[in-house]
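Inspection log for the structure reproduced underneath, given as structure tokens.
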Amino acid sequence: MSAELPGRVRWWFLPASIRQMVEQNPTYAWAVLFSVLSAGLGLGREAFFVGLLGLSANNDQLQLYLSVIYTVSLLGDPIRLASMNLLQRGGLRTLLPSVIVVAVVSAAVVTAWFALLSPKSSLAVLVGSGIAGGANLLVVTLLVHRQRYGHFLLAHVVSVGANIVIFAGILVWWVFIRHDFTPYVMGVVCSVPVFQLVALWLIPTQRPSAAPDEHPARMRDGLRQIGLHAVGSVGGQAAQVLIRGGLGVLLPGALSVFALLARLTDTIRVVFLEPYLGSRMALWAGGQGRVPRLLAGHQFSFDTLGAIVVASAMLIPLPTPSLPSVAVRLVVLMFLGLYLTSCVRSVYSFVNSHRTPGALIRRLGVAELGLTGVGIGLFMIGALPMMLLVWLFYIVRGAVQLLLLKLAESASVSVPSGEPRPVP
């Protein structure tokens, strides 16, 4: 595979700043291509489910089993950040025990929860789904480890390969089996993280010559670090619960528009941002490289952040709710929020890749809890415009996080003048 080929593609469909990031980094360019393929197959898989099962009880049952995996896997981002911190102090032996504890406990709790909610579901499939969700958390840990030590592209292919394997499994069912669709699909989905763990484990890694910290992390250190980062992610989950609950009763179609936009923004993030962060991890862990200007949101001035918050607040009033007006407001707020959170993820990943910013982690956690409390209070009032919640969690939340990152700014996260230097 020629690493230069994607760099020669005319990426005319991308904004100039993003196109520069792609063309200067051939490894990232390949990762974008694999991510686009994976995202396309993932969307095609969802369309196949609807086309085959329709909006039926059978589809609901399949989605319930998949929800077990999704719910457990929500801990993936806290574990990613905690892994970046703890790998600075030692290898996998100091990290895996705490991740295994979190994976087992979270899988058991979520599986039991769904079993109580749906007593007619297959317990065997529910347990398998819980195990697969827990295995996904271990996949995240190994993925970070391999990326940190310079095997980004191979690890990325294993990561995005999940959708490819599942889609291939569906084709096998369509051609050869044609019965017992739900048990078969769940068997394929639950087997994917096992194959990913094996594939990631087989990727050779070479530890850097520098010795780790003389005080390696212990299990309680790992559990504490995962817990701190988990607190820092509650706002995102609260946003989904509160906003979806409110839009569901606002007017017909509003929730569907939000769900479609949420899937679209998630796809953009997974295709373009996550591969870039993974491709920079080894460099950043070594104390080299910088956050590119496009994503250096911590350098926004206080006036700029204030102007973004105030200007976007003009979209909150919704005197006569109609689907077109709701849709336009959601598009603007959610895509502006996507940019703000992309800046947050970039700078925060950079910082956590080479040091453990304990004070910053705690401040972000307190801010998340505070915003979540405000959001719950607004939701309980009920008479306020629904766009107020969208604005709070997509705009104010991102601005507050960037403000905290700005206040914690140091020379290690500053972007030098001129264009960011390309890195091999």
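The values are calculated or read from the model by the stated rules, or taken from the named source; none is laboratory data. No experiment lies behind these values; they were computed from the predicted model shown. As a convention, Cβ positions derive from the backbone with ideal geometry for all residues, glycine included, and neighbour counts pool all protein chains shown. For the accessible areas, the whole protein counts, side chains as well, though only heavy atoms, and no ligand, DNA or RNA atoms are used. Shrake-Rupley method; radii C 1.70, N 1.55, O 1.52, S 1.80 Å.
If you take the residues in region 119-166 that are of a type in the set (Ser, Thr, Tyr) and open to solvent by 20 Å² or more (accessible area, probe 1.4 Å), which one is modelled with the highest pLDDT? This residue is Ser159.
For Val347, indicate whether it is in a helix (DSSP H, G or I), more than 30 Å from Arg89 (Cβ to Cβ) and touching a residue at least 12 places away in the same chain (Cβ under 8 Å). Here the answer is no, as Val347 does not meet what is asked. When region 167-186 is filtered for residues that are open to solvent by 40 Å² or more (accessible area, probe 1.4 Å) and either over 22 Å from Leu33 (Cβ atoms) or acidic (Asp, Glu) (or both), the ones remaining, listed by number, are Val172, Trp174, Val175, Phe176, Ile177, Arg178, His179, Asp180, Pro183, Tyr184. Tallying residues that are modelled with pLDDT of 80 or more, aliphatic (A, V, I, L, M) and outside any helix (DSSP H, G or I) within region 189-235 yields 1.
If I ask for residues that are aliphatic (A, V, I, L, M), under 23 Å from Ile381 (Cα atoms) and surrounded by 15 or more Cβ atoms within 10 Å (Cβ to Cβ), which ones from region 246-269 would you list? Quick ask: steps written out before the conclusion?
Within region 246-269, the subset aliphatic (A, V, I, L, M) is 247, 249-251, 254-255, 257, 259-262, 264, 268.
Among the residues that remain, those that are also under 23 Å from Ile381 (Cα atoms) are: 247, 249-251, 254-255.
Within region 246-269, Leu247, Leu250, Ala254, Leu255 qualify.
Based on what the data block shows, is Ser353 of a type in the set (S, T, N, Q), open to solvent by less than 20 Å² (accessible area, probe 1.4 Å) and either modelled with pLDDT under 90 or in a helix (DSSP H, G or I) (or both)? In short, yes.
For region 302-336, enumerate the residues that are open to solvent by 70 Å² or more (accessible area, probe 1.4 Å), part of a loop (DSSP other than H, G, I, E, B) and either under 22 Å from Gln401 (Cα atoms) or at pLDDT 90 or above (or both). The one that is open to solvent by 70 Å² or more (accessible area, probe 1.4 Å), part of a loop (DSSP other than H, G, I, E, B) and either under 22 Å from Gln401 (Cα atoms) or at pLDDT 90 or above (or both): Met314. Mind checking whether some residue in region 276-296 is of a type in the set (D, E, K, R), within 18 Å of the chain's Cα centre (by Cα) and surrounded by 18 or more Cβ atoms within 10 Å (Cβ to Cβ)? Checked region 276-296: at least one residue is of a type in the set (D, E, K, R), within 18 Å of the chain's Cα centre (by Cα) and surrounded by 18 or more Cβ atoms within 10 Å (Cβ to Cβ).
Ser83 meets the conditions (1) out of contact with any helix residue (DSSP H, G or I) (no Cβ under 7 Å at 6 or more places or on another chain); (2) more than 17 Å from Val270 (Cα to Cα); (3) modelled with pLDDT of 85 or more; (4) not acidic (Asp, Glu) in every case but one. The failed one is (1).
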